[in-house]
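Remarks on the structure that follows.
The values are calculated or read from the model by the stated rules, or taken from the named source; none is laboratory data. These numbers were taken from a predicted model, which means no experiment stands behind them. Methodologically, a virtual Cβ is constructed for each residue, glycine included, from the backbone with ideal geometry; neighbour enumeration extends over all protein chains shown. When the accessible area is computed, the model is the full protein with side chains, heavy atoms only, and any ligands, DNA or RNA have been set aside. Shrake-Rupley method; radii C 1.70, N 1.55, O 1.52, S 1.80 Å.
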Amino acid sequence: MGENDETRRKIYGLISRNPGWTLEEVAARAHCSRGEAEQLCDELSILGLLAPASEAPSGYLTVAPEAALTRLFSAEERQVTAHTQLVSRIRDSISTLARDYHRLSAERREQVEVQVLPHPALVNAFLEDAGSTARVRMRSMHPGGPPPEELIDDMLLRDKEMESRGIKVEALYLRRTAEVSYMAGYLADAVRPGREARTADYLPLRMLLFDDDVAVLPVNPEDSGQGALVVHGEVLVRSLHALYDYCWHNATPSHPVASGQAVDLVLDGQERVIVRMLADGVKDEVIARRLGISSRTLSRTISSLMERLGAQTRFQAALRIAESGLLD
């Protein structure tokens, strides 16, 4: 607490406890000049803690903090209400102008909106929301190198979620990216009914298409870290789908994991539970706690399953086991 705050508190307490004192007496007991006391009383009045009173020797009466706070909030609420009403009137006026004066020009052109996402974090958040709200299909084109290996499970979880909603998914990767071992495994596991991946020697730019009316493109095709542009509007996105179709038809399909790969794998009861929870995206620490085993024991069990399946990631192993029919 600063010196002025302490003196202000003293003056409030002295006036409250000694309503018959003059302001000079209050200032003397608070160890400040009369001028300083008047200034601090003005500040207390602004806060609503003092009320001017000509009949009081000090010129002020104290107001209970609870009452001052209530009055302060009431005043703020009145200001907020007035501001809200003003904004509402402005919005109505703008809507009227837009309807009355721009209807003809709007009828002559298709609506296309471009949204700028300047930071990778904003891009990732938008992509997550767009994937969750996609209605029919999602198409992606990835001209760069492979994503970090630690993201593969997240990609498979996203694919599974979209599959559960009946969303058709198509993905294009560079052929050299598909030659990386963990990406080869991902692409093989990612191919299933409703989802297809293809590879090409060249892809022009990074692009994601959601349904027929949303496209995400890099601000700078040479550096995706500079953010992205989001295009809303069927008229332009339709042309981007045509570009995607050209690249798609000149690419090579990936081959899915052979059915029955895990048929000969024998799982005990605990392994079955672990696989089911991995396939549902449950975190390792939660699995270990539910089973009453140590994290080290869980890690050894998962590593053994991955080795026996030749899987690159834990979720990949869980998917292969689940789709083999061993958990039925």
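Could you give me the residue pairs with C-beta distances under 7 Å whose first residue belongs to the stretch 11-35 and is more than 19 Å from residue 55 (Cα to Cα), whose second residue is among the aliphatic types (A, V, I, L, M) and open to solvent by 10 Å² or more (accessible area, probe 1.4 Å) wherever it lies, and which are 6+ apart or on separate chains?
29/14; 30/14
Taking the residues in the stretch 46-80 that are touching a strand residue (DSSP E or B) at 6+ places or on another chain (Cβ under 8 Å) and touching a residue at least 24 places away in the same chain (Cβ under 8 Å) as candidates, determine which candidate is most open to solvent (accessible area, probe 1.4 Å).
Top of the filtered list is 61.
Identify, from the list 55, 36, the residue that is part of a helix (DSSP H, G or I), closer than 30 Å to residue 16 by Cα and at pLDDT 80 or above.
Numbers: 55 fails: part of a helix (DSSP H, G or I).
None of the others qualify; the one that does is 36.
Please enumerate the residues belonging to the stretch 1-45 that are in contact with a strand residue (DSSP E or B) (Cβ under 9 Å, 6 or more places away or on another chain) and of a type in the set (Phe, Trp, Tyr).
The answer is 12, and nothing else.
For the stretch 149-187, what are the residues that are in a loop (DSSP other than H, G, I, E, B) and farther than 19 Å from residue 208 by Cα? Walk me through how you get there before you give the answer.
Within the stretch 149-187, the subset in a loop (DSSP other than H, G, I, E, B) is 165-167, 179-180.
Of everything in the stretch 149-187, those that are in a loop (DSSP other than H, G, I, E, B) and farther than 19 Å from residue 208 by Cα turn out to be 179, 180.
Of the residues 227, 233, only one is under 21 Å from the mean Cα position of the chain (by Cα) and at positive phi; which?
Every option except 227 fails the conditions.
Go through 175, 192, 158, 198 for me and flag whichever is open to solvent by 10 Å² or more (accessible area, probe 1.4 Å), without any contact (Cβ under 8 Å) to a residue 60 or more places away in the chain and farther than 23 Å from residue 122 by Cα.
None of the others qualify; the one that does is 198.
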